[in-house]
1. What are the pairs, 6+ residues apart or on separate chains, where a residue within the stretch 52-81 that is closer than 20 Å to V34 by Cβ and touching a residue at least 40 places away in the same chain (Cβ under 8 Å) has its Cβ under 8 Å from a residue that is outside any helix (DSSP H, G or I) and hydroxyl-bearing (S, T, Y)?
2. Find the residue count for the stretch 4-48, including only residues that are of a type in the set (V, I, T) and either surrounded by 10 or more Cβ atoms within 10 Å (Cβ to Cβ) or in contact with a helix residue (DSSP H, G or I) (Cβ under 8 Å, 6 or more places away or on another chain) (or both).
3. Let me spell it out: the conditions are (1) under 20 Å from G247 (Cα atoms); (2) in the same structural domain as G226 (by TED's automatic domain parsing); (3) loosely packed, with under 11 Cβ neighbours inside 10 Å, and Y64 meets all of them except one. Which number is the exception?
4. Can you name every residue in the stretch 316-330 that is surrounded by fewer than 17 Cβ atoms within 10 Å (Cβ to Cβ) and in contact (Cβ under 8 Å) with a residue 12 or more places away in the chain?
5. Which of the residues belonging to the stretch 139-165 are farther than 27 Å from I325 by Cα and buried (at least 17 other Cβ atoms within 10 Å of the Cβ)?
6. Looking only at residues that are of a type in the set (S, T, N, Q) and touching a residue at least 60 places away in the same chain (Cβ under 8 Å) in the stretch 250-300, which one is surrounded by the most Cβ atoms within 10 Å (Cβ to Cβ)?
7. Please indicate, with yes or no, whether at least one residue in the stretch 87-101 is under 30 Å from L262 (Cβ atoms) and in a strand (DSSP E or B).
8. For the stretch 218-241, which residues satisfy the criterion of being assigned to a loop (DSSP other than H, G, I, E, B) and farther than 15 Å from L354 by Cα?
Amino acid sequence: MMKKSPSTELIHHPYQPPAGFKGLQEGVFKASTVLFPNVAAMRSYEWKDKSAFTYGLHGTPTTYTLEERLCTLEGGSQCLLVPSGLAAIALVSLSLLRAGDEVLIPDNVYGNSKSLADGELKQWGISHRCYDPMDPQDLAAKLSENTRLVWLEAPGSVSLEFPNLCELVRVCQARNVWTALDNTWGSGIAFSAFDLLPGSSPALGADISVHALTKYPCGSGDVLMGSVTTRDAGLHMRLKLTHMRLGFNVGANDAEAILRALPSIYLRYQAHDVAARALAAWCETRPEFVQVLHPALPSSPGHAHWAEICTSGSGGAAGLFTVVIAPHVTQAQVDQFCDALQHFKIGWSWGGHLSLVVPYDLASMRTAWPLHIKRGILVRFWVGLESVADLQADLSQALIHLH
């Protein structure tokens, strides 16, 4: 046996810990380089079907485990992890679209989806148009022979109207056009992206579900991550190869943070949901607000569509709601109202334990003002895990700035 110097001994130490250790949490495996027992193994190991490990970029036990659990959450069979929710949207578009193709986007989509279409996709010869998500006939009329992908979002970003997802999917299926749903709000809990009407045959659902894991799966506002989940093996492999070529990856510690939070996601979702409904109902009684937008409220646009697919499952409605403040109130007053809130902090995103508030200029976000939204300034609230009574009192004391 060759004698080794201490420096070599430190690197090639013979000790191996005993196998069989099992704790409550999954292990955190960090690696770029993955070691093989021999050259034959290096040549034969396959990462595409998760049967082996070849390089850290293609997955580790930590990321494989998270992907499988997210499949369980969303009802899919394959999942890919990416660095953010926006990266998930980009991955789908970059994988499925090429020069000359067209993508249709709901007018109430997450703003950065439009920015991506207006920027990189347009530069690469991919066209896009916006459709009215509350009118399936408008979608049907705008589908063309070049349309390859239709994005869906339920409910709409900020304005929270709930579309007729079932009919939108049927329109696309009839024309053999892929559908990708931003399922961040539902999180696989309010409804299944792949089985909108449980028990229907054949199953009615989107082809792809993208999810900003930054929101509910994280639950603490400190991890950026996204996922792309599918049921179709061929579609998944197409996405997976693009994922590999783009070099998308997530850190092991971030994956561990999501794994630690997932066991409580159903409890947190329900708690946020109950609190948001209570505050939204209270806001409906306030004269300062001309409209309250929350899918579970009978007065909210698309409530019947929400009830069709969400009450057949858990009945979930997430922790978001938006108010429309009367148009005679100035932007300065609205800003003062938001600044005066003590428990609702000003900040982007949502899904964590801390309540948040953001005012929005809806006119700048839409191609036209939606007929189902009353005129005024919109303010969106994320309801955290604070006491509902305290949050209601906070809203009440800040309303003086709207008078």
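The values are calculated or read from the model by the stated rules, or taken from the named source; none is laboratory data. Worth saying up front: this structure is predicted, and the values here are computed from it rather than measured. Cβ placement follows ideal geometry from the backbone for every residue including glycine, while neighbour counts extend to all protein chains displayed.
1. If the second residue must be outside any helix (DSSP H, G or I) and hydroxyl-bearing (S, T, Y), the pairs left are G56/S32; G56/T33; L57/S32; E67/S227; L80/S227; L80/T229; L81/S227.
2. So the count comes out to 4.
3. (3) is the only condition that Y64 fails.
4. Once the filter is applied, which keeps residues that are surrounded by fewer than 17 Cβ atoms within 10 Å (Cβ to Cβ) and in contact (Cβ under 8 Å) with a residue 12 or more places away in the chain, the stretch 316-330 yields A326, P327.
5. L139, L143, T147, R148, L149, V150, W151, L152, L165
6. Taking the candidates together, the pick is S300.
7. no
8. Listed by number, the residues that qualify are L224, M225, R231, D232.
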